[in-house]
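Take a look at the structure below.
The values are calculated or read from the model by the stated rules, or taken from the named source; none is laboratory data. Treat the numbers as computed from the prediction; the structure is a model and nothing was measured. Neighbour counts run over all protein chains shown; Cβ positions are idealised from the backbone, glycine included.
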Amino acid sequence: MTAHQAISSRGGAVFRWGRRLGVLLLGTALVAPAAWAQEIESAPIFYSTAPLKNPVEEFRQKLLEGKAALEYEPEHGYLKSVLKAFDIPESSQVLVFSKSSLQRERISPKTPRAIYFTDEVLVGFCLRGQVIEISAVDDNVGTAFYSIHQAPPTGDPDDEEDGGVPMRQTESCLLCHSSSANQGYPGHLVRSLYVDRQGNPLLASGSFRTDHTSPIEERWGGWYVTGTSGGQKHMGNVISKGTRAPDGPARFAGTNVTDLTDKFTTSFYLTPHSDIVALMVLEHQVGMLNRLSRAQTETKMALHYEKELNKGLGLPEDEQSESARSRIRNVGEAVVQYMLMGDEVALTDPIVGTSGFTEEFAAQGPRDSKGRSLRDLDLQTRLFKYPCSYLIYSRAFNELPEEVKSHVYQRLWEVLNDKSSKKDDLQLAADDRQAILEILLETKPDLPDYWKETQ
């Protein structure tokens with residue numbers, strides 16, 4: 001047996017589809033290939049049984065110990081209390097009406113599904129749904145999934161879900177969240193779909209995966225969108241009348257909508273908004289967090305492979321394998337390119353939201369001595385004023401294994417100092433490079449020393 005075969009077979013818990021209700025936060029996905037499912041359930045990841053370390057798990061323990069409590073309300077269940085517990089602003093609300101989650105029977109154009117988010121936690125809510133769906137950035141497994149049973153507390157000590165205690169979800173969530181679209185790693189998708197009057201996706205008409213590289217005209221099919229985008233047309237707010245996708249002007253008839261009251265009962269939701277800026281930030285964030293989760297998991301797998309290979313060949317344990325290090329560099333490179341907004345689609349008209357999300361998001365900082373922040377939004381010609389993702393401050397980035405984080409920092413330094421010899425590197429404007437460097441040097445305390453020595 002080779003070292004690689006040994007890794008594939010050790011701890012090989014066979015991936016089983018669970019019977020619990022899973023969580024699908026953002027959009028439709030494809031089924032995970034069995035090989036990938038087995039790999040994340042084997043050493044060194046052990047996805048379903050690994051101890052978790054994330055904000056939801058920490059709050060769960062407080063609930064179990066009686067150090068915290070969630071309040072139940074008849075209209076929204078535990079939703080308001082959950083958002084408050086994780087400091088998730090209501091202004092982040094975005095609404096999707098395509099039946100693209102496991103609570104699909106609760107979703108339609110008249111009863112859209114609401115999603116709320118911060119850098120670390122995403123929450124999904126269906127009107128009169130059975131559960132609240134939650135995902136969290138996790139230090140050990142990349143992305144972890146939970147559900148909260150939407151029922152009034154009974155005080156039953158034998159009911160482990162009583163009182164809104166989040167319950168971890170694995171098998172049934174991984175059916176979509178560990179799909180081939182995410183290369184087999186747990187993560188999320190944002191998709192744009194053509195949708196009929198019942199909310200069923202018209203998959204035969206095609207779909208689009210959405211992030212900051214997507215043309216505006218391909219975004220937000222199956223989503224409600226409040227806000228203006230000028231002459232930039234999009235697919236939001238449109239419902240197909242038949243079994244075919246709308247064609248011509250009808251495809252973009254939902255552009256520049258600021259009021260949704262004629263489409264569904266907005267008073268059923270925490271806010272009447274599905275903010276266009278929140279959608280754009282969420283799309284970027286999902287892509288960045290997926291790459292960070294992948295970098296974490298792939299690096300752990302590569303290092304484990306390297307260790308087992310050395311053992312099988314009788315080499316020193318710390319002997320480096322070029323194939324393993326190449327895997328680490330590749331996932332690190334994907335982080336760098338996306339973090340610096342590679343291939344971002346240029347805006348041709350201003351983007352203006354409706355919910356106050358723009359101001360709340362930017363106010364979170366951190367800011368340098370000149371008052372600049374990577375959370376500053378541009379919304380005139382691009383998403384961010386400074387083209388470097390704010391998620392460089394995130395838990396997902398900070399908890400990356402040192403081997404891949406060192407590569408990311410080295411490559412960022414090369415690009416920002418215009419010292420890279422790679423032909424396909426991003427070409428940032430000199431003013432942007434200088435601003436990003438100055439902001440990071442003042443606001444990112446764990447930068448390597450060589451970053452500071454060049455100033």
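Can you find, within region 222-249, the residue that is farthest from F357 (Cα to Cα) among those that are part of a loop (DSSP other than H, G, I, E, B) and among the polar types (S, T, N, Q)?
Ranking the qualifying residues of region 222-249, first place goes to T243.
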Residue match in region 261-280 (condition: of a type in the set (K, R) and either closer than 18 Å to G124 by Cα or in a helix (DSSP H, G or I) (or both)): no
Of the numbered conditions (1) of a type in the set (D, E, K, R); (2) surrounded by 18 or more Cβ atoms within 10 Å (Cβ to Cβ); (3) closer than 26 Å to T354 by Cα, K80 fails exactly one; give the number of that condition. (2)
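Quick one: in region 64-102, of everything that is acidic (D, E) and free of Cβ contacts under 8 Å to residues at least 60 places away in the same chain, which residue is nearest to R219 (Cα to Cα)? Steps first, please.
Taking region 64-102 and keeping what is acidic (D, E), we get 65, 71, 73, 75, 87, 90.
Still in the list and also free of Cβ contacts under 8 Å to residues at least 60 places away in the same chain: 65, 71, 73, 87.
On the way: E65: 44, E71: 36, E73: 34, D87: 28 Å.
By that ranking, first place goes to D87.
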Every residue in region 339-364 that is over 24 Å from V257 (Cα atoms) and free of Cβ contacts under 8 Å to residues at least 60 places away in the same chain, please. A363, Q364
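Can you name every residue in region 316-341 that is in a loop (DSSP other than H, G, I, E, B) and either at pLDDT 95 or above or surrounded by fewer than 14 Cβ atoms within 10 Å (Cβ to Cβ) (or both)?
The first filter runs over region 316-341 and keeps only residues in a loop (DSSP other than H, G, I, E, B), leaving 316-321, 340-341.
Residues satisfying the conditions are P316, E317, D318, E319, Q320, L340, M341.
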Does at least one position in region 102-110 carry a residue that is modelled with pLDDT under 95 and in a loop (DSSP other than H, G, I, E, B)? yes
Condition met for L193 (in contact with a helix residue (DSSP H, G or I) (Cβ under 8 Å, 6 or more places away or on another chain) and farther than 30 Å from Y338 by Cβ): no
Identify all residues within region 403-438 that are over 27 Å from M301 (Cβ atoms), part of a helix (DSSP H, G or I) and not hydrophobic (A, V, I, L, M, F, W, C); write none if there are none. D431, D432, R433, Q434, E438
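Can you tell me which residue within region 118-128, out of those that are in contact with a helix residue (DSSP H, G or I) (Cβ under 8 Å, 6 or more places away or on another chain) and at pLDDT 95 or above, is surrounded by the most Cβ atoms within 10 Å (Cβ to Cβ)? Lay out the reasoning, then the answer.
Step one: of region 118-128, the residues in contact with a helix residue (DSSP H, G or I) (Cβ under 8 Å, 6 or more places away or on another chain) are 118-121, 123, 125-128.
Right, trim to at pLDDT 95 or above and you get 118-121, 123, 125-127.
Numbers: T118: 20, D119: 18, E120: 20, V121: 22, V123: 25, F125: 27, C126: 21, L127: 19.
If we take residues in region 118-128 being in contact with a helix residue (DSSP H, G or I) (Cβ under 8 Å, 6 or more places away or on another chain) and at pLDDT 95 or above, then F125 is surrounded by the most Cβ atoms within 10 Å (Cβ to Cβ).
Table: residues versus (1) part of a loop (DSSP other than H, G, I, E, B); (2) more than 20 Å from E71 (Cα to Cα); (3) modelled with pLDDT of 95 or more; (4) not acidic (D, E).
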| residue | (1), (2), (3), (4) |
| --- | --- |
| Y146 | no, no, yes, yes |
| P153 | yes, no, no, yes |
| D162 | yes, no, no, no |
| V165 | yes, no, yes, yes |
Tally of residues being outside any helix (DSSP H, G or I) and either farther than 20 Å from L282 by Cα or among the aromatic types (F, W, Y) (or both) across region 350-373: 6
Do the conditions hold for I115, that is, is it buried (at least 18 other Cβ atoms within 10 Å of the Cβ), part of a loop (DSSP other than H, G, I, E, B) and either of a type in the set (K, R) or at pLDDT 50 or above (or both)? no
For region 365-379, the count of residues that are more than 21 Å from T118 (Cα to Cα) and free of Cβ contacts under 8 Å to residues at least 24 places away in the same chain equals 1
Would you point out the residue of region 394-422, among those that are hydroxyl-bearing (S, T, Y), out of contact with any Asp or Glu (no Cβ under 8 Å at 6 or more places or on another chain) and modelled with pLDDT of 95 or more, that is farthest from S326 (Cα to Cα)? Y409
